[in-house]
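This report concerns only the one structure given below.
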Amino acid sequence: MSVIIIKKASTEDWEVIQNLGRETFYETFAKHNSEEQIQQYLAESFASEKVTNELKNPDSQFFIVYEAEEPIGYLKVNSGKAQTELQDETSLEIERIYVKSSHQGKKSWTIII
């Protein structure tokens, strides 16, 4: 049984978020796009400054999922003005749940938060 640890991310974790985002987005969507399209999206959407600014937003929370010491995914939750859709002060929005394909569908985890 694998032990999964979920930790709240800080601005120092920007490279972990950036790398996980690029890897998991590529795994999921590369087959549906040209290599040029996917590389342009990854460069823009996971640029260092963009990821850092998202992490600095007080209305966004990031959580990194680790198996042992290895980051395997992340979650982004928005509230208030960070929400991309409803922007209701009493609501939360899950904007992203990214998990490496190697860890999708696993059923036997012990989760530590």
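The values are calculated or read from the model by the stated rules, or taken from the named source; none is laboratory data. Given the structure is predicted, the values throughout are model-derived calculations rather than measurements. Here the Cβ positions follow ideal geometry from the backbone for every residue, glycine too, while neighbour counts run over all protein chains shown. When the accessible area is computed, the model is the full protein with side chains, heavy atoms only, and any ligands, DNA or RNA have been set aside. Shrake-Rupley method; radii C 1.70, N 1.55, O 1.52, S 1.80 Å.
Things to note:
- Any chance Glu54 is part of a strand (DSSP E or B) and open to solvent by less than 50 Å² (accessible area, probe 1.4 Å): no
- The set of residues in region 88-103 being within 20 Å of the chain's Cα centre (by Cα) and in a loop (DSSP other than H, G, I, E, B) consists of Ser91, Lys100.
- In region 1-46, residue farthest from Tyr98 (Cα to Cα) [restricted to those that are open to solvent by less than 80 Å² (accessible area, probe 1.4 Å) and part of a loop (DSSP other than H, G, I, E, B)]: Ser34
- Taking each residue of region 14-42 that is among the polar types (S, T, N, Q) and looking for partners that are open to solvent by less than 80 Å² (accessible area, probe 1.4 Å) and not in a helix (DSSP H, G or I) with beta-carbon atoms closer than 8 Å, six or more apart or interchain, yields Gln18/Phe46; Asn19/Pro71; Thr24/Gly73; Thr24/Tyr98; Thr24/Val99; Thr24/Lys100.
- Long-range neighbours under 8 Å by Cβ, at least six apart or interchain, first residue within 10 Å of Ala9 (Cβ to Cβ) and modelled with pLDDT of 95 or more within region 51-78, second among the small types (Gly, Ala, Ser) and open to solvent by 40 Å² or more (accessible area, probe 1.4 Å): Leu55/Ser10
- Pick from region 58-78, criterion in contact with a strand residue (DSSP E or B) (Cβ under 8 Å, 6 or more places away or on another chain) and not in a strand (DSSP E or B), ranking: most open to solvent (accessible area, probe 1.4 Å): Ala68
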